[in-house]
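The values are calculated or read from the model by the stated rules, or taken from the named source; none is laboratory data. Predicted model, so just to flag it, every value in this text is computed and none were measured. Cβ: placed from backbone, ideal geometry, glycine included. Neighbour counts: every protein chain shown. All accessible areas refer to the heavy atoms of the entire protein, side chains included, with ligands and DNA or RNA removed. Shrake-Rupley method; radii C 1.70, N 1.55, O 1.52, S 1.80 Å.
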Amino acid sequence: MTLLLAQISDLHLDGTDRATRRATRVMEHLRALPRPVDALLVTGDIADHGEEAEYEQAADILAAPFPVLTCPGNHDARPAYRKALLHLPPAPGPVNQVHHIAGTAILMCDSTIPGRDEGLLDPETLAWMRTTLDGLAPDTPALIAFHQPPVELHHPLPDSGRLREPDVLAALLDAHPQVVAVLTGHAHTAAASSFAGRPLIVGPAVTWTLRLPWEGDRPADREQPPGLAFHLLDDHRRLTTHFRVVPPA
């Protein structure tokens, strides 16, 4: 059976009408699909200031009849994220969760460094990733999602905040062939590349889109409709990704 996942990133909910409308527009589009997705992945920067009220709003907007899986980004604050979005006791440590969806393990990992734009999979998170992957049956495919991309995207803004020490992640992937792909956010532009022999997919942002260097001097395109990605994983562990913009209702 083909697994159908949607991915969005960088909602930057801040209480403004604009951010609320854009995120609501995406969720209404997903809820109205003739074939529901098996899960929605939200790859970080859910809140803009890391405040509890922003996560309370996110919980309302992201409510759906399908699982919604999240990981934090550099704008998120772990204690408030845990308390208001995940309904867990607030704590400052990394937020890592594994979800099993239609026979696939999806690892939502915390690559944030509190107070910094760049990312790092710290020793606690890497140990959790290894233990989780080691515990999977050999025939169980896995996807890994976190916020900051581990490769250059050839734009100075996202490249200045990419994942530190990507070789450590590459070694972990080399030891775990069941990992099919890596999914990230942060760049505010949809992108596809490869990392450690796997597809690397950067999910589009909901809040605004980053103009690429050849598209002009203005870095932010705030008029482009919010984007989303659809990922199809087939029985042969082949991943196909489609990028879309969400049309007006």
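How large is ³J(HN,Hα), in whole Hz, for each residue of the range 185-194 in order, when computed from phi with the Karplus curve 6.51 cos²θ - 1.76 cosθ + 1.60 and θ = phi - 60°, using x for Gly and Pro?
Per-residue couplings from phi come out as x, 6, 7, 6, 8, 5, 8, 9, 8, 9 Hz.
Each residue of the range 94-110 in turn: what ³J(HN,Hα) in whole Hz from Karplus with 6.51, -1.76, 1.60 and θ = phi - 60°, glycine and Pro shown as x?
After applying 6.51 cos²θ - 1.76 cosθ + 1.60, I find x, 9, 10, 9, 10, 10, 10, 10, 6, x, 10, 8, 10, 9, 9, 10, 9 Hz.
Rounded to the nearest 10 Å², what accessible area does Arg162 show when all protein chains are kept and the probe is 1.4 Å?
Only protein atoms counted, so the area is about 80 Å².
Suppose accessible area is computed on protein heavy atoms with a 1.4 Å probe; arrange Phe195, Phe243 from highest to lowest.
Phe243, Phe195
Rounded to two decimal places and with Rh computed the Kirkwood way over Cα pairs, what is Rg over Rh for the chain?
0.93
What are the extents of the Cα atoms of the range 67-182 along their three principal axes, in Å, largest first?
Answer, in whole Å and largest first: 38, 37, 24 Å.
When all protein chains stay in place, what accessible area (Å², nearest 10, 1.4 Å probe) is found for Val37?
Val37 has an accessible surface of roughly 10 Å² with all protein chains in place.
So, in nm, how far is label Ala137 from label Asp174 when the simple model puts each one 7 Å beyond its Cα toward the Cβ?
Modelled inter-label distance: 3.0 nm.
Once amide H atoms are placed 1.01 Å from N in the peptide plane, what residues at a sequence separation of 5 or more from Leu163, or on another chain, have their amide H within under 5 Å of its amide H?
Distant-sequence amide H within range of Leu163: Gly119, Val151.
Tell me the mean residue ellipticity at 222 nm calculated for the chain from its helices only (DSSP H runs of n ≥ 4, each -39500 (n - 2.57), averaged over every residue, nearest 500).
Roughly -6000 deg cm²/dmol at 222 nm, from the helical runs in the chain.
Taking H as built 1.01 Å from N, whose amide H comes closer than 5 Å to the amide H of Ile101, not counting residues under 5 places away?
Counting only residues 5 or more places away or on other chains, the set is Ile106.
Can you work out the Karplus-derived ³J(HN,Hα) for every residue in the range 221-227? Use 6.51 cos²θ - 1.76 cosθ + 1.60 with θ = phi - 60°, whole Hz, and x for glycine or proline.
Each residue's phi maps through the Karplus curve to give 9, 8, 9, 5, x, x, x Hz.
By how many nm would the segment from Leu88 to Asp117 grow when fully extended, if each residue of separation counts as 0.36 nm and the alpha-carbon distance is taken off?
8.0 nm
Take the solvent-accessible surface of the protein heavy atoms, probe 1.4 Å, and return the percent of it on the chain that carbon and sulfur atoms account for.
Here carbon and sulfur together make up 54 percent of the probe-accessible area.
For the pair His236/Trp214, report the inter-label distance in nm, with labels modelled 7 Å from Cα in the Cβ direction.
According to this spin-label approximation, the distance is 3.2 nm.
What FRET efficiency would be calculated for the residue pair Asp221, Ala63, taking the C-beta separation as r and a Förster radius of 30 Å, to the nearest 0.05? Kindly include the intermediate steps, with their values, before the conclusion.
Details: r = 29 Å, r/R0 = 0.96.
So, using R0 = 30 Å, E works out to roughly 0.55.
Compute the Cα gyration tensor for the range 1-129, then decide on rounded, prolate or oblate, letting a ≥ b ≥ c be the square roots of its eigenvalues: rounded whenever a/c is under 1.5, prolate when a/b is larger than b/c in the other cases, and oblate in all that remain.
In terms of gyration-tensor shape, oblate.
Kindly sort Ile113, Ile106 by accessible area of their heavy atoms, largest first, with the probe set to 1.4 Å.
So, going from the largest accessible area down, we get Ile113, Ile106.
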